[in-house]
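So the structure is just underneath, and the comments pick up after that.
Coordinate-derived values only; no laboratory data. In this text, all values refer to a predicted model and were calculated from it rather than measured experimentally. We place every Cβ from the backbone using ideal geometry, glycine too, and count neighbours over all the protein chains shown.
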């Protein structure tokens, strides 16, 4: 059961990042708050996020720190790429087909 | 405990390649520091994010896509003294480390070349009063690479360092460099003895120093030994008359005793036994103890 949730997590991450760029750890809290069935932790998120980055579906940029007095270190933003958007849409179409089939099979009487 | 140390506890146990650990370090430190600057305490952050070993376990499982345990075993004692655990042992499971490479390349694509697994990947450094592991730091540290007050290892560094390559105040080994006293095949130190030794005072087959004694010597006050037995009284006179600082003279007193011992081979051999016993005590017993502790921990699981 854990496996299909993981597969879908990539899709969700791509969708969320297509709406707005975020820090890595922001994704954890956004995903957890937007869904009741997902309660993910850093240990699950980062491997998936990095895989998406390595596959070119997601890209990073460093935050520009405009205030030189601020001692904070620049942080990394994650955003979806064009390729990521395409893959996301294709994957979602496929997922919908699969979901429909599963629904029909599971709900079948008899 | 601060952000850097907490994150380090996590990634040092993750058994992941360098590139991945660096990425994680950036993102995790950023996360923790952000939480801290938002008013959370480090304790709250740790409570929320979880136990470092657990996070490391999850990371490893998600990267490899398996439920394999990470290729190391660890024992850390609860008792700490000045913040250091009394005992910390890390044992890599070599068979598994190589097994991972098979699993990884079978999983295909990304893992093949990127996860060239070396068995010390992300294996934590053992840190404690007594520390044993591939990398060890402690008051008494033993490992492949070790550093500490008393440090034993292939490469070791410390106050008293024993090793293949050792660096310390006092060091012993194959290639050894010491601030004070050095005994090695290739010895460099203020006072050194060995096959090839160099220092302010040196004794050995080839000895270089201001004060030197050996088969081949280079130095201001040097004695070249061509026949030990015949020259013994000459040597003793040389040491007695030597105008040198006290520590040099006392070093040469010991050199003299050693040379006297060497004139009588049977006595020299009889010194080997105590040396072996000391070696057993220093190396074998800690190994057995750590093996035992790890076994106990495994059975407890």
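Scaling against 2.2 N^0.38 Å puts the C-alpha radius of gyration of chain B at 1.32. Which residues in region A:1-35 have a backbone N closer than 17 Å to a point placed 7 Å from the Cα of residue B:40 along the Cα-to-Cβ line? Residues A:23-34 qualify, since their backbone N sits under 17 Å from the label point. Looking only at chain B, where both bridge partners belong to it, what percent of the DSSP beta bridges are antiparallel (to the nearest 5)? Here the antiparallel bridges make up roughly 10 percent for chain B. Taking every C-alpha pair closer than 8 Å and separated by at least 6 residues, the mean separation divided by the residue count of region A:8-66 gives a relative contact order of 31 percent. Residues of region A:23-60 falling in the label zone of residue A:79, defined by backbone nitrogen less than 13 Å from a point 7 Å along Cα to beta-carbon, are A:23, A:58-60.
Compared with the direct C-alpha span, the chain from residue B:240 to residue B:216 gains 6.6 nm at full extension, assuming 0.36 nm per residue. Quick one: Cα centre-to-centre distance for region B:1-55 and region B:190-233, in angstrom? Cα centroid to Cα centroid, the span is 55 Å.
Under the criterion of Cα pairs below 8 Å and six or more residues apart, the relative contact order for chain B equals 7 percent. Put a dot 7 Å past the Cα of residue B:47, heading toward its Cβ, do the same for residue A:98, and the two dots end up 3.9 nm apart. Over all Cα atoms in region B:190-273, the spread is summed up by Rg and Dmax: 12.1, 37 Å.
By the equivalent-ellipsoid construction on the alpha carbon gyration tensor, the protein assembly as shown comes out with semi-axes of 61, 23, 19 Å, ordered largest to smallest. Entry note: region B:113-239 has Rg to Rh equal to 1.20, where both radii use alpha-carbon atoms and Rh is the Kirkwood radius.
Relative contact order of chain A: 30 percent, from C-alpha pairs under 8 Å at least 6 residues apart in sequence. Its residues counted as N, chain A yields a C-alpha radius of gyration over 2.2 N^0.38 Å of 1.29. For the residues of A:25-31, the average number of beta carbons from a partner chain within 10 Å of their own beta carbon is 2. Note on chain A: with a GNM built from Cα contacts shorter than 10 Å, the maximum mean-square fluctuation among A:34, A:85, A:75 falls on A:34. Among B:41, B:125, B:80, the largest mean-square fluctuation in a Gaussian network model of chain B (Cα springs under 10 Å) belongs to B:41. The P(r) of region B:9-66 has a tail past 13 Å containing 62 percent of all C-alpha pairs.
Of all beta bridges that DSSP places with both ends in the protein assembly as shown, some 15 percent have antiparallel geometry.
The distance from the alpha carbon centre of region A:22-45 to that of region B:140-179 is 46 Å, rounded to a whole number. The GNM of chain A, with springs linking C-alpha atoms under 10 angstrom apart, assigns the highest mean-square fluctuation among A:35, A:91, A:18 to A:35. If you wrap the Cα atoms of region B:220-261 in a convex hull and average its projected area over all directions, you get 2.9 nm².
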